[in-house]
Every structure is written in C-alpha cells, then in structure tokens.
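As structure tokens, the structure follows; a few thoughts come after it.
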Amino acid sequence: MASQNISLTRYLVEQQRVDGLIPGQLRLLLEVVARACKRISLSVNKGALGGVLGTAGSENVQGEVQKKLDIIANEVLIEANEWGGHLAAMASEEMDSIYVVPNRYPQGEYLLMFDPLDGSSNIDVNVSIGTIFSVLKKPDDHPGVQEADFLQAGCKQVAAGYCLYGPQTVLVLTVGDGVAMFTLDREQGSFILTTDKMEIPADTKEFAINMSNMRHWDAPVKRYIDECLAGKDGPRGKDFNMRWIASMVTDVHRILTRGGVFMYPWDKREPEKPGKLRLMYEANPMAWLVEQAGGAATNGRERILDIQPQKLHERVSVILGSKNEVERVTKYHLET
Ligand code: AHG
Ligand code: MN
Ligand code: MN
Ligand code: MN
C-alpha cells in the first residue's frame, strides 16, 4: 500500500526527475491518456442514463459489431491526444488504419496504440471493462509517420497500461520500473497511488480460459487444463479454481493482484489466425505489465515481447501470468 497521497502527476514527475526514466513529453502524454480515461469512466458509469449502451450498428476492421462505447471511447482518446504536441500518430482496435496528428497541431515523437474499450461483450450487462494503451517512440530516421513505424516488437514499448472501469476506476501503469496502481478519487478528480509495486506470485491455483472452446484447443493446452482439472489426485497435486470474465483487462488485473494464468490460445475455429487477441494493443501492453510484475507472457512458443509484428491488427495466441505456470504451458508446446 502506498504511504501518502501521491497523485499520478507527482509519481510521473518523480519518475521523470528522480529516476530520469521518462522525458517530459512522455509524462505529458501519460497524463493526457489518464484524463481521457477519466472521461471514458464517466460515460461508462452513466450506462443507460447516458445512452451509451447497445450497438452502434457498424463493424470494425476486426469484423466485430461495434458497441456505442467502443466508438465513444475511441473518439475521447483521439480528441484528448491529437493537439498536445507529444504524439505523431495513433492506432486503435476501432480504426482500420493509423490516425496521423493533423498538420494544424504540433507533431510529437511518440506513437500511441489503444484498445479503447476492452471487454465490449460486458458493456450491456454491467460487468467490468477497460481501456488498454501502449506507447512506442516514432523512428527518427525519416520525416513523417506511416503504419510501418508502429510495427515494433513489444520490447520497444516506453509505457504501457490500462484503466479498469470496475467498482473502482483504477489506472495500472509501467514505464519500465515495475507496475504501479492508481485509484481514481472522484472528489479530487485525480488518480492516487494505491499500490507502488504490483507483483505476481510465481505459482498459482487459478486459471482463466474460455472453457467452451475446449474441443477446439491444441494438444498442449488441453493437456495443461486436463492436469489442472485432475486436481490434487492428479499430476499437479493441487486443486485449481477457474475464472473467466471475458474482459482481458479484468482477468489480467486479477492476475496482477493475486496471481493466476490467463490463456487465449490458438484454436481450430479459425486455424489461419494465431489467436483472437490483438498483438499491438492487447497482448504487448499486457505482456510488458505482467513481466514488469515478475510474471511471464508467451504465445506458447516464444516471448510475446520478442514477436516482430507484420501487420497493425495482427493477432496472437496469449498465455500470461504466474511465471511457473506459463513456463509449464510453454514447455508442453515446445515438446510437440
Ligand atoms: P474487445 O472487447 O476489445 O474486442 O476484447 C475482448 C477480448 C478480451 O477482452 C477477452 O479476454 C476476450 O475477448 C473474450 O473472448 P470470448 O468472448 O471469446 O471469451
Ligand atoms: Mn472488440
Ligand atoms: Mn480487447
Ligand atoms: Mn476493444
């Protein structure tokens, strides 16, 4: 538990000044993203009263029917970030191609990617949802910005985090020096540091996977889950619990808080796709947060943060969380 009333701004100034970890422009960018998340939280909390539930009647580049809040959250993040001078361009789950900061605004040196509203299937049933974001530096070897500038491995991120719109609105962030959690104090209107170092236990008794896909899984995933289900009389010698919220941001937050393993693996339903989740604005930011908290994140065979992206919206198989469990699942994959 953090000792005193440290705001996000003070925390970032200390990371910037004391540790020299983040340049002023990056601090400004993160403060703008946090303010945008506060705005999104207000819309989320209005629900039916704000006319934000239900579908927008359009489809996104992923082939998903967009919810009204998907679009609202996307617009809030674009409008909040485009004029500040710290960004060159943005990319989003909800936009086909990149959004280059208009010429009327100063161009910055950062690239921002986001899943503006993660867990959309939970919006209309009042279950926790969130915003996931990732920051890269724009390559400085050429003028202007193009989509290829975003195609950097996750290990190149300079900041990553999420805002979880749950019973509390919490912002969880890493700039490469561990994972900090801030809780929104609505009276002050600011995010207050409530955990200065989130850590994932190496072992766990809790797994998160959508069990309805069991018949479609590959053998290593099936083997791992069967062993968990066999309980204390099985090869693992302990009983496991299962959780599946269907909001990655909520499942990952639980794992950062008390451990666990989260899996959205490749399955036979769409064999040509490596998985359901998107690399650039879901898997990469979450993988960095998990590693910064002492956990691990692979696609079953290699570290997610080492994957060289080929396309902006490419998908990836995700296994992340408690280090010893992720290593076990990965070992099972590498044995095949
Ligand atoms: P999004 O709402 O941004 O499209 O992401 C939803 C993702 C992720 O949040 C969650 O873990 C997963 O979809 C749930 O998938 P299933 O509904 O297939 O379980
Ligand atoms: Mn979606
Ligand atoms: Mn998502
Ligand atoms: Mn989304």
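No value in this document is a laboratory result; all are computed from the given coordinates. Treat the numbers as computed from the prediction; the structure is a model and nothing was measured. Every residue, glycine among them, receives a Cβ derived from its backbone with ideal geometry; neighbour counts consider all protein chains shown.
Peptides 214-227, 243-256, 73-86, 46-59 ranked from most to least packed give 243-256, 73-86, 214-227, 46-59, packing being the mean of other C-beta atoms within 10 angstrom over each peptide's residues.
Please label the shape of segment 8-195 as rounded, prolate or oblate, based on the square roots a ≥ b ≥ c of the eigenvalues of the alpha-carbon gyration tensor (a/c under 1.5 means rounded; beyond that, a/b larger than b/c means prolate, else oblate). Mind showing how you got there, number by number?
Working: a/c = 1.90, a/b = 1.17, b/c = 1.63.
In terms of gyration-tensor shape, oblate.
For Cys163, Cys155, Cys228, which order do you get if you count the other beta carbons within 10 Å of each Cβ and list the fewest first? Taking fewest neighbouring Cβ atoms as first place, the list is Cys155, Cys228, Cys163. Pull out a ≥ b ≥ c, the square roots of the eigenvalues of the alpha-carbon gyration tensor of segment 212-277, then state rounded if a/c is under 1.5, prolate if not and a/b is larger than b/c, and oblate in the remaining case. Note, shape of segment 212-277 comes out oblate. Under the simplified labelling scheme, the Trp244-Lys156 pair shows an inter-label distance of 3.5 nm, with each label point 7 Å from Cα along Cα→Cβ. What you get for segment 206-334, charging only the Cβ of Lys and Arg (+1) and of Asp and Glu (-1), is a dipole of about 140 debye around the Cα centre.
When the square roots of the Cα gyration tensor eigenvalues are ordered a ≥ b ≥ c, the ratio a/c for segment 1-53 is 1.5 or more and a/b does not exceed b/c, which makes its shape oblate. Around the Cα centre of the chain, unit charges on the Cβ atoms of Lys, Arg, Asp and Glu (plus for the first two, minus for the last two) sum to a dipole of about 600 debye. Once the convex hull of all Cα atoms in the chain is built, its volume per residue stands at 139 Å³. Ranked by how many other Cβ atoms sit within 10 Å of their own Cβ, fewest first, the residues Val170, Val13, Val44, Val125 fall in the order Val125, Val13, Val170, Val44. One chain, two ends: Gln310 and Asp96. Fully extended at 0.36 nm per residue, the span grows by 75.5 nm beyond their Cα-Cα distance. By the count of other C-beta atoms within 10 Å, a proxy for reagent exposure, Tyr332, Tyr105, Tyr264 are ordered fewest to most as Tyr105, Tyr332, Tyr264. Rounded to the nearest 20, the Cβ-based charge dipole of segment 91-228 about its Cα centre (Lys and Arg +1, Asp and Glu -1) stands at 60 debye. Against the chain, whose longest principal axis is taken from its Cα atoms, helix 68-81 shows a tilt of about 50°. In degrees, nearest 10, range 0 to 90: what is the angle between the Cα axis of helix 24-46 and the longest Cα principal axis of the chain? Roughly 70 degrees between the two axes. The sum of -39500 (n - 2.57) across all DSSP H runs of n ≥ 4, divided by the residue count of the chain, sets its helix-only mean residue ellipticity at 222 nm to -8500 deg cm²/dmol.
Between the Cα long axis of helix 248-258 and the first principal axis of the chain there is an angle of about 70°, rounded to the nearest 10. Length, then width, then depth: along the principal axes, the Cα atoms of segment 206-334 run 45, 31, 27 Å.
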